[in-house]
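Written out below as structure tokens is the structure these notes cover.
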Amino acid sequence: MTASRDTHDRRLTRGRAAGLSALVAAVAVTVCHAQPAAPPVKSVTPQPPTVLPNEDFRYTGSIGRTIADSDPPEFPQPVRPPKGAPNIVLILIDDAGYGQFGTYGGQIPTPALDSVAAAGLRFTRFHTTALCSPTRAALLTGRNHHVAGTGVITEAATGYDGYTGIIGRNVGTIAEVLRQHGYATSWFGKNHNTPDWETSQVGPFDRWPSGLGFDYFYGFMGGDVDQWQPTLYENHQLVPRSGDPDYILTKDLVDKAISWLNTTRSIDPHKPYFLYMATGATHAPHHVRPQFVEPWKGKFDMGWDKYREEIFERQKKLGVVPADAKLTPRPPELPAWDSLSAGQKKLFARMMEVFAGFTAETDYEMGRLLEVVRSLPDADNTLVFYQVGDNGASAEGGLVGLLNENSFFNGVPEKLEDNLERIDEIGGPKHFNHFPAGWAWAMNTPFQWAKQIASHLGGVRNPLVVSWPAKIKDKGGIRSQFHHVIDIAPTIYEAAGITFPGELNGVAQKPLDGVSMVYAFDDAKATGRRRSQYFEMFINRGIYSDGWWAASRTGIPWEGSPAKPINPDTATWELYNIDQDFSQANDLAKSNPEKLKQLQELWWAEAARNDVLPLDGRKIERLSWELQGRPSLVGHRTSFTYYKGLLALPAGSTPSLLNKSFSITSDIHVTDTSGDGVVMAMGGLDGGYGVYIKGGKAVFVGNFLGRELTRVTSPSALPKGKVTIKAEFAYDGGGLGKGGTMTLSVNGQQVGTGRMEHTHAITLGLGGALDIGADTGAQVDPQYEPPFEYKGDIDFVTIDFVAPKK
């Protein structure tokens, strides 16, 4: 093993291009062996051109001096896809595990997914990348996630090819190709594939959904969102906050998708559509309407150990787990349910009840969408993919769960007694809640580990159900061929009779990494055509080849960055024959070291070929654009002036108020009718800062993770006329996340001070952005109800960074 690593190191020494070229050449041989060409399949129609867009129309008739001397006129006709091309519905659930939905043995009934399975096929060996942005980039492009520039979430991008957070023009998307073949294209829900520094209202928009081939977008930007009070965009425009007291995001997304479908089919019923529904559920925060939680009271008191045993037996009965499979044991890093205190059991069971309701609500809303799809005249020729998870269920809630997910990102533990006091509020709009890691492990039954852990199946094996009434005849069938999320794009292209272009919009395209799954639609016993696949996330590594899987886990999902850099050459590897060992229960590393060595070398070769290098195990530090040097609209400025009407400026485009001193100066006008309201707000209920007027008095608020709020309030009402409010924060210094002193002044006179003992170290509020004159998201201070618009004039609000005193 050591010799092979040394060889690898020599090959990849900086500047030794010849060595790297030789390695890549060796990879090509390996890949050709591991991934043979698929046998020919029948196409829907003859192959279209391999360059898009098509050449501009030119009249080919005879033109004389006048119309009388010329051939009849012709017009360019609307582009139509190949005859018989199906509609495409692609549903992607967020942060969901193999044993979560009832269709794959979970305790939570999921009738919408059941209905797709009854009409189609359940794939039992389908895989993702272990994290959201990377899986979504792979899904949309048909390329490996590093090849698509998305080796990690966009907020943690670094300056290497595989980690830019940018989907390049040389890896064109499904939507762009389908659009240029005459499809109507739409995207609803989560967009976590636009670089963090390009998500503001000034764009640029070429990497928003509209620039990735989608005619219509309705959804949110980023990794997660407050389901009760989301910041949404319709195409490029900010969506006004809903006034519906019963509003919840997933219902809204489905309502908009149904409206788009009805409009599209009304205007041009012969135009096929591609509808991409990417829910924010079941990612944290686990926000859900109470009626979906109520049925689950007391249903999880048995705990996660017993739950896994029950689900495993159900999975075997359903046939989604082989009868001879083994249930993997609980890792030593997780506590046994029986070892928990009574208070812990009470809290953790409630968190799972809320998550069960969240899952049931999500599937219910997908059912509403699918009912409309099936009611349309061309329902039989609609290819539906219902993918349960962009990775395994998330263990980022840690060992005790979280009332506020932002605690995890800032490395701040929560107290059991504090969370028990708020147990009845979990799932509601006051918290950004996440369940404990033990329940995530249970949702990933029968596998080891969870989201982020690309080395083990709990992080990367997800349910995929496919239906296509006109073509799939084995209704209710099960497919066990090994496949990966990169295989969905070529499946769509083959189903539609489309050849992926060699050139798209003037840019030569990288070849697809995926292989079509159409061959398996009518043949359960067909030999799988994906014979190898690499996996990597935060140096958690895996490689599949011809039934064998080598795995090297180096991290724990609920922990931040390692105390010291990970040495991949000394990391432990495991070996599994997953053709015979479905769940990765029997480690063969010691008994078959030669096979392990072969797979290790294959992993390094694939890593070189797919822009996986350099390896980087850091998590928390990479979230800071300042530390990483990512592009930013803020840049090196120290002063920022904003005007009334600026709403929902995302965190990637706002000045960072973390770990520094700053001042917020606001020039406003107070009149008899201006009333109370927000002058400036940054962040949300889970943390932030704000300046607002309440009862005529000025208030400067600092919110630490929703658990400590410091308010400095002027003792008397503001005078009428032009008023200058200055809020200052003097940071203590001495490291990250330290405290500081808050000072409030009105018209140059200090009117109050306060003390924040703790501040955020890495991220501010996940549930909000920067607003001037209102608060569009989850409010920074629960003392007011958003949007809490200030009716008076605001000349400007200036944020200044203040140099520390020497």
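Points to keep in mind about this one:
- Taking the conditions (1) in contact (Cβ under 8 Å) with a residue 24 or more places away in the chain; (2) surrounded by fewer than 17 Cβ atoms within 10 Å (Cβ to Cβ); (3) under 30 Å from Leu588 (Cβ atoms) in turn, Asp474 satisfies each one other than (3).
- Only one entry of Ser674, Ser663 meets the criterion of being farther than 30 Å from Arg422 by Cα, small (Gly, Ala, Ser), in a strand (DSSP E or B) and touching a residue at least 60 places away in the same chain (Cβ under 8 Å), and that entry is Ser663.
- Qualifying residue in the stretch 229-236 (condition: in a loop (DSSP other than H, G, I, E, B) and in contact with a His (Cβ under 9 Å, 6 or more places away or on another chain)): no
- Counting only residues that are within 16 Å of Val460 (Cβ to Cβ) and either touching a Ser or Thr at 6+ places or on another chain (Cβ under 8 Å) or open to solvent by less than 30 Å² (accessible area, probe 1.4 Å) (or both), the stretch 522-553 holds 20 of them.
- Counting only residues that are of a type in the set (D, E, K, R) and assigned to a loop (DSSP other than H, G, I, E, B), the stretch 783-806 holds 5 of them.
- Of the residues examined, Ala349 is not one that is aliphatic (A, V, I, L, M) and open to solvent by 10 Å² or more (accessible area, probe 1.4 Å).
- Listed conditions (1) crowded, with 18+ Cβ neighbours inside 10 Å; (2) over 30 Å from Tyr576 (Cα atoms); (3) among the aliphatic types (A, V, I, L, M) are all met by Met302, apart from (1).
- Here the stretch 708-720 is the region considered, the condition is being more than 22 Å from Lys660 (Cβ to Cβ) and surrounded by 14 or more Cβ atoms within 10 Å (Cβ to Cβ), and the residue that is nearest to the chain's Cα centre (by Cα) is Thr713.
- Per-region count, the stretch 242-299, residues in a loop (DSSP other than H, G, I, E, B) and surrounded by 14 or more Cβ atoms within 10 Å (Cβ to Cβ): 17
- Among the residues of the stretch 318-342, those that are surrounded by fewer than 20 Cβ atoms within 10 Å (Cβ to Cβ) and within 17 Å of Gln100 (Cβ to Cβ) comprise Leu318, Leu327.
- First in the stretch 619-645 and within 23 Å of Ile772 (Cα to Cα) and open to solvent by 70 Å² or more (accessible area, probe 1.4 Å), second anywhere and of a type in the set (Ser, Thr, Tyr) and not in a helix (DSSP H, G or I), Cβ under 9 Å, 6 or more apart: Leu633/Ser200; Leu633/Thr654; Lys644/Tyr790
- Among the residues of the stretch 589-600, the ones that are open to solvent by 50 Å² or more (accessible area, probe 1.4 Å) and part of a helix (DSSP H, G or I) come to 4 in all.
- Those residues of the stretch 502-521 which are crowded, with 20+ Cβ neighbours inside 10 Å, touching a Gly at 6+ places or on another chain (Cβ under 9 Å) and more than 18 Å from His145 (Cβ to Cβ), in sequence order: Leu504, Ala520, Phe521
- Residue in the stretch 738-760 that is farthest from Leu658 (Cα to Cα), counting only those that are open to solvent by 40 Å² or more (accessible area, probe 1.4 Å), outside any strand (DSSP E or B) and in contact (Cβ under 8 Å) with a residue 40 or more places away in the chain: Glu757
- Candidate set: the stretch 90-145, residues that are under 23 Å from the mean Cα position of the chain (by Cα) and acidic (Asp, Glu); chosen: the one surrounded by the most Cβ atoms within 10 Å (Cβ to Cβ): Asp95
- Single condition Leu178 does not satisfy, out of (1) out of contact with any strand residue (DSSP E or B) (no Cβ under 6 Å at 6 or more places or on another chain); (2) open to solvent by less than 10 Å² (accessible area, probe 1.4 Å): (1)
- Residue in the stretch 606-619 that is touching an Asp or Glu at 6+ places or on another chain (Cβ under 6 Å), part of a loop (DSSP other than H, G, I, E, B) and over 23 Å from Ser653 (Cα atoms) present: yes
- Selection count, the stretch 301-323, where residues are part of a loop (DSSP other than H, G, I, E, B) and touching a residue at least 60 places away in the same chain (Cβ under 8 Å): 4
The values are calculated or read from the model by the stated rules, or taken from the named source; none is laboratory data. Because the structure is predicted, anything quoted here is derived from the model rather than measured. All Cβ positions, glycine included, derive from the backbone under ideal geometry; neighbour counts span all protein chains shown. What goes into the accessible areas is simple: the full protein's heavy atoms, side chains included, and nothing from ligands, DNA or RNA. Shrake-Rupley method; radii C 1.70, N 1.55, O 1.52, S 1.80 Å.
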